[in-house]
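Chemist: My questions all concern the structure below.
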Amino acid sequence: PPDVRLAFFYDQSLFVREGVVSVWESIFFGLALSIVVLYLFLRSVITTLVAAVAIPVTVLITLLGMKLFHMSFNLMSLGGIAAAIGLVIDDAIVAVEAIHAKIGAGHAPREAVGLALRDIGLPLVGSTLTPVVVFIPLAYLDGVPGVFFRALALTMVVALLASLALAVTLTPTLAAMLFRPHQGPPHSELDQGGPVLRKLIAAYEWTVLRALRRAGLASVCIGLVIGAGVFVYSRLESDFLPAMDEGAFVLDYFSRPGTSLSETDRMLRDVEAILRSTPEIESYSRRTGAQLGLAVTEPNTGDFLVKLKPSRTRTTEEVTDEL
């Protein structure tokens, strides 16, 4: 009819889309940040690219794993990929840095690959399997927690195992093909990389030497850190999921039993005036004397669906508290 206007007043897909976009932003931001940090430490474009290649390849393998497990793109599976980025690049960094150090010590690239894998093979496997055994039990949770965390756990496990396989296959192969022999006299494996890495190594050596010379003081500091951790842990709140602000809420109302439909409507027009005067509210809809089901409903009950503006200074909870 010409006097009817259609408009969206409540769209939950906006919340989901914003969540998915934020996860993809985290993935790409993690990739870019990893590349920048690698270059600052190693000062080598080729070395940085060899390590960075592991991230997109690992993500692609993870997508294949998601297909095999009949998983879909959702906030938990994408969140698992985003959370695994730092762990994924860690395996590649360890492999690349070890090979880079062997080449700097005077070994040919192919020889350096073999020596590096011999040195870091078992530690690399152990450090990767440690988080894997933490996430595997989450895949076997029952009930609602299982539905939520199964996607997160499986995604991270597949990503970590893929990164381990790439760290001992793809990354060494690319290093053997692309890394150039060291020019000039060989030097210590600790005296390599860029100025940032050398300064950190020097600071680490200074700290470790003094800690070993003053073992008692170091033990006291470690004890204080552990005590502070236990103190904070005992006071942290716990919850199933972090608080989420969907930017919308449902307002149920009940007038006195037996109130007529017209009287209920009259009172609710005052409520609508309050809603319209709230600056954070973008739109709303009201149902009076009707519900989603087919059962007989009473004219004194119903609800509002209220949608808030995307850009606002107050949270949904603060707005509902005021209302």
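The values are calculated or read from the model by the stated rules, or taken from the named source; none is laboratory data. Note that the coordinates shown come from a computational prediction; the quantities given were computed from them, not determined experimentally. Here the Cβ is made from the backbone with ideal geometry for all residues, glycine too, and neighbour counts use every protein chain on show. SASA here: full protein model, heavy atoms, side chains in, ligands and nucleic acids out. Shrake-Rupley method; radii C 1.70, N 1.55, O 1.52, S 1.80 Å.
Chemist: Order Tyr253, Tyr284, Tyr204 by their accessible area, 1.4 angstrom probe, all chains in place, largest first.
Modeler: Tyr204, Tyr284, Tyr253
Chemist: Of Ala112, Leu138, Val94, which is farthest along the charge dipole of segment 80-207 in the positive direction, counting Lys and Arg as +1 and Asp and Glu as -1 at C-beta?
Modeler: Of the candidates, Ala112 comes out farthest on the positive side.
Chemist: What part of the accessible area of the chain, given as a whole %, is carbon or sulfur when the probe is 1.4 angstrom?
Modeler: Carbon and sulfur together cover 66 percent of it.
Chemist: In the full protein assembly as shown, how much of Asp119 is accessible to a 1.4 Å probe, in Å² to the nearest 10?
Modeler: Approximately 80 Å² of Asp119 is accessible to the 1.4 Å probe.
Chemist: In whole Hz and in residue order, list the ³J(HN,Hα) couplings for segment 206-222 that follow from phi through the Karplus curve 6.51 cos²θ - 1.76 cosθ + 1.60, θ = phi - 60°; x for Gly and Pro.
Modeler: 4, 5, 5, 4, 6, 5, 5, 6, 10, 4, x, 5, 4, 5, 5, 5, 4
Chemist: Highest mean first, what order results for 95-101, 46-52, 265-271 on Cβ atoms within 10 Å?
Modeler: Highest to lowest by the protection proxy: 95-101, 46-52, 265-271.
Chemist: Please list the equivalent ellipsoid semi-axes of segment 75-150, computed as the square roots of five times the alpha-carbon gyration tensor eigenvalues, in descending order and whole angstrom.
Modeler: So the equivalent ellipsoid measures 36, 13, 6 Å along its semi-axes.
Chemist: If you don't mind, there's one more thing I want to ask. In whole angstrom, and with the biggest value first, how far do the Cα coordinates of the chain range along each principal axis?
Modeler: 94, 53, 38
Chemist: Beyond 22 Å, what share of the Cα-Cα pairs of segment 218-323 is found? Please give it as a whole percent.
Modeler: 54 percent
Chemist: Which Cα, out of Phe73, Leu124, Ala165, lies furthest along the positive dipole direction of segment 46-167 (beta carbon charges, K/R +1, D/E -1)?
Modeler: Positive-most Cα among the choices belongs to Phe73.
Chemist: Taking only C-alpha pairs under 8 Å that are 6+ residues apart, what is the relative contact order of segment 43-147 in percent?
Modeler: 23 percent
Chemist: Most mobile of Pro181, Pro195, Pro299 per a Gaussian network model of the chain (Cα springs, under 10 Å)?
Modeler: Result for the chain, Cα springs under 10 Å: Pro299 fluctuates most.
Chemist: Does segment 213-259 come out rounded, prolate or oblate, given a ≥ b ≥ c as the square roots of the eigenvalues of its C-alpha gyration tensor, rounded meaning a/c under 1.5 and, failing that, prolate meaning a/b above b/c?
Modeler: Because a/c hits 1.5 or more and a/b exceeds b/c, segment 213-259 counts as prolate.
Chemist: Also, quick follow-up: Using DSSP to call loops (not H, G, I, E or B), can you name the chymotrypsin sites (Phe, Trp or Tyr not before Pro) in segment 47-138 whose Cβ has at most 15 other Cβ atoms within 10 angstrom?
Modeler: Phe69, Phe73
Chemist: So what does Lys199 come to for accessible area, using a 1.4 Å probe and Å² rounded to 10?
Modeler: Roll a 1.4 Å probe over it and Lys199 shows about 150 Å².
Chemist: Helix-only mean residue ellipticity at 222 nm, the chain, DSSP H runs n ≥ 4 weighted -39,500 (n - 2.57), per residue, nearest 500. What is it?
Modeler: My calculation for the chain gives -21500 deg cm²/dmol from helical runs alone.
Chemist: If you don't mind, there's one more thing I want to ask. Averaging the inverse of every distinct alpha carbon separation and then flipping it gives the Kirkwood radius. What is it for segment 21-135, in angstrom units?
Modeler: Hydrodynamic radius (Kirkwood, Cα only) of segment 21-135 equals 15.4 Å.
Chemist: While we're looking at this one, here's another question. Solvent-accessible area per residue for the chain at a 1.4 Å probe radius, Å²?
Modeler: Value for the chain: 63 Å² per residue.
Chemist: Expressed in nm², what is the orientationally averaged projection area of the convex hull enclosing the Cα positions of segment 1-80?
Modeler: Value for segment 1-80: 8.9 nm².
Chemist: With springs connecting C-alpha atoms under 10 Å apart, model the chain as a Gaussian network and identify which of Leu212, Leu308, Leu42 has the largest mean-square fluctuation.
Modeler: Ranking Leu212, Leu308, Leu42 by mean-square fluctuation puts Leu212 first.
Chemist: I want to verify a result. In a Gaussian network model of the chain, Cα cutoff 10 Å, which of these has the top mean-square fluctuation: Ala105, Ala203, Ala32?
Modeler: Ala203
Chemist: In whole Hz, what ³J(HN,Hα) sequence does segment 156-168 give by Karplus (6.51, -1.76, 1.60; θ = phi - 60°), x for Gly and Pro?
Modeler: Values, residue by residue: 5, 5, 4, 5, 5, 5, 5, 5, 5, 4, 5, 5, 10 Hz.
Chemist: I want the local charge near Glu272. Using Cβ-Cβ distances under 12 Å, sum +1 for each Lys or Arg and -1 for each Asp or Glu among the other residues.
Modeler: Net charge around Glu272: +2.
Chemist: Now for a different question. Give the relative contact order (percent, whole number) for the chain; include only Cα pairs under 8 Å separated by 6+ residues.
Modeler: Once normalised by length, the contact order is 19 percent.
Chemist: Please give the charge dipole size of the chain, origin at the Cα centre, charges +1 on K and R Cβ atoms and -1 on D and E Cβ atoms. Round to the nearest 20 debye.
Modeler: In debye, rounded to 20, the chain gives about 1260.
Chemist: At what distance in angstrom do the alpha carbon centres of segment 45-107 and segment 192-269 lie from each other?
Modeler: 27 Å
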